[in-house]
Every structure is written in C-alpha cells, then in structure tokens.
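The values are calculated or read from the model by the stated rules, or taken from the named source; none is laboratory data. Note that the structure is a prediction, hence the values are computed from the model and not measured. Please note: Cβ atoms are built from the backbone with ideal geometry, for glycine as well, and neighbour counts cover all protein chains shown.
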Amino acid sequence: MPVRVNGRHVTFTAPNGSSAIIGDFTDDTDRPIPLSAGESVTLEFPLRAHVEYAFLDASSKRMSDPDNSSGANHPWYKEYRSLSLAGYQPPLEPDGTAPQGRIESLSWNSARLSGTRRAYVHLPHGYDSSKTYPVFYVQDGVAFRRTGRLGALHDTLVWQGRISPAVLVFLEPQNRTLEYFFNPHYPEYLLLEVLPRIEDQFSVSKNREARGLWGASLGGLASLWTALQHSETFGRVIAQSAAIQGQPGQSYQRGAAEWLLEQYRAVPALPLELSLDCGQLEWLLGANRRFAGMLVDKGYRHQYVEHPSGHNWVSWRSGIPEHLEWLLG
C-alpha cells in the first residue's frame, strides 16, 4: 500500500517480506522500527520535510518500497525511497544557461597516504591567471562534484551575481573512514602534498583568510579537525552534517564522546569563519547543535543552518548556496 501523508504525519505500510522500517529517523539500522508485511506505522516529521526510508527483510537486508517509485539521493544505499511533505523546497538546481567553469586534473603518488591521489580542480568561467582566487579544498570531491553539483551551483551563483568566483579543489579518499577519522597523516597530506601542487599550478590565494576546507559527514569532521590544528593555514571551514563524535585512537561510533567539541572549547577562539549545517532527521543533529552553541559561546564568526531532511544529498545540496553566499557573497 502506498505511503500516506497527512500534514506532518506519514503512514508507512510494510510490503511482503518486511521485518522493519528504517531511515534517518531511526539512525538507519541502529534503531529499526519492527514492521511486518501489511502492518502500518504513523510517524510525525518536521514541517516541509523531505524523508528517505527503506524496509528491512527477514535477513535484515535493505529492501525498497515497491509501492513508491520515488528514488532517493542516498549517499550509500540505492534501496532508499523518498517522499516530501507539503511546502517542501527542493535544493537549487544549476542554471543550464550559466557560463560553466572548466575542470583540470592532477595525479601523484602519495608519500603520506597510500596509492595514487587525484585532484579535480574546478576553475571558474573566465579564469584569469593574473588574478588571485579564493580556494576551497573539498573532501569526498567526486561526490560533491557529481552528486552535489557543487561546481555547477558555484557557476550559477557567480552568473547570478550572488557570489564572487572561487577555485574548488575536489579531493577523493581511498578509504574515507580510515583517512578522515582523526588520521594524523591527513592534515599532513593536505599541507605538504595538496597545497603545494595546487598553488604551484593555479592562481589561488595563499592567505589563510581565503583558504577553505569543505566536507560532509566524516569529511566535515576531517575539515574541522584540520582547521583546529592549522588555523594559520586555513581560515574558513564549511562542515555539513559533521560527524563530530568519537576521538583519536578509537573507531567511529555513533553517540560517542564529542571530543572535537571539547578541543575547540579548551582553546581561545581561533581566527576561523565557520559555516555549518545539519539535517533535522539525522542522528548528528544534537552534536551539531551543541557544536554551534559552543561557537556562539566562544564568539566565533559563524553561521549554522538546519534543513528538514536527513543525512543525505538533499540536505547537503540545500546547504551549498547558503554556504557559498555566506563566505563569498
């Protein structure tokens, strides 16, 4: 039976073979709601929410809702389906008529991280090597470029006169959990391998005020952690749904101690501009609210935005224009 939406309430009916329903509202599989075939459950969501969900079968494998053909831009699982409440505002789409920038790529063998590494450099339309551009170093770069469409959205906002142009450096991990979760070699990799190559070949700013880090989830954690250690090099951070839980020497676990927040709290406010967002349906909401509260208490220049959606590309694409306008507007 198709899902039914009534104001802020959504009724889900389980298909054949179902044992539970999951979504950002259950922390994916951490707190599944038992739901057998033919049974229904009604849940309440924020106003104008975008909801992504899946069912679990008897073997606890994700399965799609056969009565809902609306796919989801879920970061990891193709089985998720989506629905939107009345008044939902979808993310800004790039304008196909806007002049587009161009991509150049670099590759090298890393001395600090394993294997061949690549950077895809998005140069704005009309890039002029006699000028100096602000720059953002983007973790999970291929996903931000293809799924997030960060480069195309940047070009649209420049064309609309809403931001000044910047250079975007898309970086891709080989093992994102290993590399982004308090790996001491990752900041070294950025400072000693990435920055020298980019600054040697492209006209990007070498001033900390115009150098930024950008990432979502664990990429947001890596960006915040790197900035904490190297605020003399990076002056801006964009962190979306930052996975600010756990601490060095441990594996990542949801609900772990918020060690990074305490490190920021323990030192005088650093010369950083921070732009943060989080989805209202995700398990990281409390941690991100607490981190934003600490920034307020410490007097950081920052913004914090929430979206009525989850830990997914709907939230992150919704945040992209706000982050760019706040830092480049």
ask   = Which residues, counting only those in segment 277-288, are part of a strand (DSSP E or B) and without any contact (Cβ under 8 Å) to a residue 40 or more places away in the chain?
value = Cys278
Selection within segment 121-149 - in contact (Cβ under 8 Å) with a residue 40 or more places away in the chain and aliphatic (A, V, I, L, M) = Val121, Leu123, Val135, Val138, Ala143
query = Among the candidates Pro66, Pro91, Pro46, which residue alone is surrounded by 17 or more Cβ atoms within 10 Å (Cβ to Cβ), assigned to a loop (DSSP other than H, G, I, E, B) and not assigned by TED's automatic domain parsing to the domain that holds Gly148?
reply = Pro91
ask   = When you look at Val237, is it among the β-branched types (Val, Ile, Thr), in the same structural domain as Pro165 (by TED's automatic domain parsing) and within 22 Å of Gly286 (Cα to Cα), yes or no?
value = yes
inquiry  = Being within 24 Å of Glu188 (Cβ to Cβ), part of a strand (DSSP E or B) and not aliphatic (A, V, I, L, M) is the filter here; which residues of segment 105-136 pass it?
reply    = Ser105, Ser107, Trp108, Asn109, Thr116, Arg117, Arg118, Tyr120, Phe136
Candidates Ala269, Ala243, Ala292, filtered to the one that is small (Gly, Ala, Ser) and either assigned to a helix (DSSP H, G or I) or at pLDDT below 95 (or both) = Ala292
key: Yes/no for Leu191 being in the same structural domain as Arg145 (by TED's automatic domain parsing), touching a residue at least 12 places away in the same chain (Cβ under 8 Å), closer than 19 Å to Pro248 by Cα and in contact with a Ser or Thr (Cβ under 9 Å, 6 or more places away or on another chain)   = no
inquiry  = Suppose we filter segment 295-311 for residues that are touching a helix residue (DSSP H, G or I) at 6+ places or on another chain (Cβ under 7 Å) and either of a type in the set (Gly, Ala, Ser) or assigned to a loop (DSSP other than H, G, I, E, B) (or both); how many remain?
reply    = 3
task = Hey, could you check segment 137-184 for residues that are assigned to a loop (DSSP other than H, G, I, E, B) and acidic (Asp, Glu) and say which is nearest to Glu199 (Cα to Cα)?
result = Glu172
inquiry  = Contact list please: Cβ distance under 9 Å, first residue in segment 203-232 and closer than 12 Å to Tyr180 by Cβ, second residue basic (Lys, Arg) and part of a helix (DSSP H, G or I), pairs at least six apart or on different chains.
reply    = Ser217/Arg176; Leu218/Arg176; Gly219/Arg176; Ala222/Arg176
Condition check for Ala256: in contact with a strand residue (DSSP E or B) (Cβ under 9 Å, 6 or more places away or on another chain) and free of Cβ contacts under 8 Å to residues at least 12 places away in the same chain = yes
message = One residue is enough: does segment 269-276 have a residue meeting the conditions over 22 Å from Glu209 (Cβ atoms), assigned by TED's automatic domain parsing to the domain that holds Ala242 and touching an Asp or Glu at 6+ places or on another chain (Cβ under 9 Å)?
response = no
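Here's the yes/no breakdown for (1) farther than 18 Å from Phe25 by Cα; (2) out of contact with any His (no Cβ under 9 Å at 6 or more places or on another chain):
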{"site": "Leu43", "(1), (2)": "no, no"}
{"site": "Val51", "(1), (2)": "no, yes"}
{"site": "Ala54", "(1), (2)": "no, no"}
{"site": "Ser59", "(1), (2)": "yes, yes"}
{"site": "Gly71", "(1), (2)": "no, yes"}
{"site": "Tyr77", "(1), (2)": "no, yes"}
